[in-house]
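The values are calculated or read from the model by the stated rules, or taken from the named source; none is laboratory data. Everything numeric here is computed off the predicted structure, so don't read it as measured data. Virtual Cβ from ideal backbone geometry, glycine too; neighbours counted across all protein chains shown.
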Amino acid sequence: MRKLRLLITCLPAAVAALAGLPQAAQAGLTCKPMVWGYGLHANQNISKLQALGAWRSNAQSQHGATYMNYTIAKAKSQKCRPKGGKMNCVVKGRPCKSTWGGPDAESG
């Protein structure tokens, strides 16, 4: 009974702490303005890969190598549409880098 009472007492605080996790995770990122990448190929998967490669290249050339990780980009999207018998894909997102250290942070 005592453990149950403790659990009921602590549960609201634990839920509130967990609710703040996404904000805390975002606090460890520095993000730049929107970057686009484009791909055009008969095969949609190849067109997506081209667009993603172009996004990474553009993010690197505009903001440096630490900003080319699409996985942690914000406000990102990928869209493909037919164009002249091929698939035209557009990848966009705000490139971010981690400020917590590790492989996505600047070294030194």
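Filtered by the rule that a residue be in a strand (DSSP E or B) and in contact (Cβ under 8 Å) with a residue 24 or more places away in the chain, the stretch 71-89 gives 74, 75, 78, 80, 83, 86, 87, 88, 89. Exactly one of these conditions fails for residue 84: (1) crowded, with 18+ Cβ neighbours inside 10 Å; (2) out of contact with any strand residue (DSSP E or B) (no Cβ under 6 Å at 6 or more places or on another chain). Give me its number. All conditions are met except number (1). Considering only the stretch 52-70, state which residues are small (Gly, Ala, Ser), in a helix (DSSP H, G or I) and surrounded by fewer than 18 Cβ atoms within 10 Å (Cβ to Cβ). Those that are small (Gly, Ala, Ser), in a helix (DSSP H, G or I) and surrounded by fewer than 18 Cβ atoms within 10 Å (Cβ to Cβ): 53, 57, 61, 65. The set of residues in the stretch 25-70 that are touching a residue at least 40 places away in the same chain (Cβ under 8 Å), under 19 Å from residue 84 (Cα atoms) and aliphatic (A, V, I, L, M) comprises 40, 42, 51. Would you check if residue 23 is modelled with pLDDT of 55 or more, out of contact with any Leu (no Cβ under 9 Å at 6 or more places or on another chain) and either under 21 Å from residue 75 (Cβ atoms) or assigned to a strand (DSSP E or B) (or both)? In short, no.
Candidates in the stretch 28-51 are the residues that are under 15 Å from residue 96 (Cα atoms) and surrounded by 10 or more Cβ atoms within 10 Å (Cβ to Cβ); of these, the one that is modelled with the lowest pLDDT is 28. Evaluated against (1) buried (at least 17 other Cβ atoms within 10 Å of the Cβ); (2) out of contact with any Gly (no Cβ under 9 Å at 6 or more places or on another chain); (3) of a type outside the set (Lys, Arg), residue 89 falls short on exactly one condition, (2).
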